[in-house]
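Okay, structure first, notes after.
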Amino acid sequence: MIGELLVPNTQDALIARAVLRDIRHTPQKARRVVDLVRGMRADEALNVLKFAPQAVGIDVYTLLNSAIANAKQQNPAIRDASELWVVEALVDEGRTMKRFRPRAQGRGFRILKRSSHISVTVSDSKVTSKSLSRTSTKAQTRNPKRSEKSPLAAPVAAVPTPAAKGASN
């Protein structure tokens, strides 16, 4: 489901989010930075983002600080960022501004100025969304007849091959 947090035991775990919308960085470039910190401890993620050479690193650093502040607001017992983990970090496409660049012979080339929506979720439990598995990999097949646990799966009878027939004679 869209917008569903993939953190188990949400009754026990503290979950705090921060969202940055319509940031003027392309989603492809933002994902490179966000992938660095997903699943890390929050204080380590702050250090990585502070020294990341990409321009979007500064914005993600500020966003992560905001998520940590939101967690401290929810639970004042949290002393610092070392008690929190980045359990979810997503980059979605935002609006795309379309501009035209004049070219030779009266033509115009389209320029797409992309933007992103970045959301960061921190929690006091280490479970990340990638480590969660809703179903086993064998049960994820699209065709129900190919799944081993499916009632539609028919048992395949062993068909003797010509080599097997000649060997038994």
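One table, with the values for the structure above:
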item	result
Taking Arg107, Arg38 and counting other C-beta atoms within 10 Å, the order from fewest to most	Arg107, Arg38
Using alpha carbons only: equivalent-ellipsoid semi-axes of the stretch 15-126, gyration tensor based, whole Å	35, 13, 10
Backbone HN-Hα couplings from phi across the stretch 43-55 [Karplus 6.51/-1.76/1.60, Hz, Gly and Pro as x]	5, 5, 5, 4, 5, 5, 5, 5, 10, 6, x, 6, 5
Dipole magnitude of the stretch 15-126, debye to nearest 20 (Cβ charges: Lys/Arg +1, Asp/Glu -1, about Cα centre)	1100
Neighbour-count ranking [beta-carbon atoms within 10 angstrom, fewest first] of Arg21, Arg41, Arg79	Arg79, Arg21, Arg41
Dipole axis of the stretch 15-126 (+1 Lys, Arg; -1 Asp, Glu on Cβ), positive-most option in Val56, Ile111, Val91	Ile111
Normalised contact order of the stretch 15-126, rounded percent, pairs of Cα under 8 Å and 6 or more residues apart	42
Approximate spin-label separation Ala77-Arg114, in nm, with each point projected 7 Å along Cα-to-Cβ	4.3
Point-to-point label distance, Asp22-Thr96, nm (Cα→Cβ direction, 7 Å offset)	1.8
Hypothetical label at Gln54: residues of the stretch 67-106 whose amide nitrogen lies under 14 Å (7 Å Cα-Cβ projection)	89-93
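Each value in this text was obtained by applying a stated rule to the coordinates, not by laboratory testing. Just so it is clear, the structure is predicted and the values come from calculations on it, not from any experiment. Note: ideal-geometry Cβ built from the backbone for every residue, glycine included; neighbour counts use all protein chains shown.
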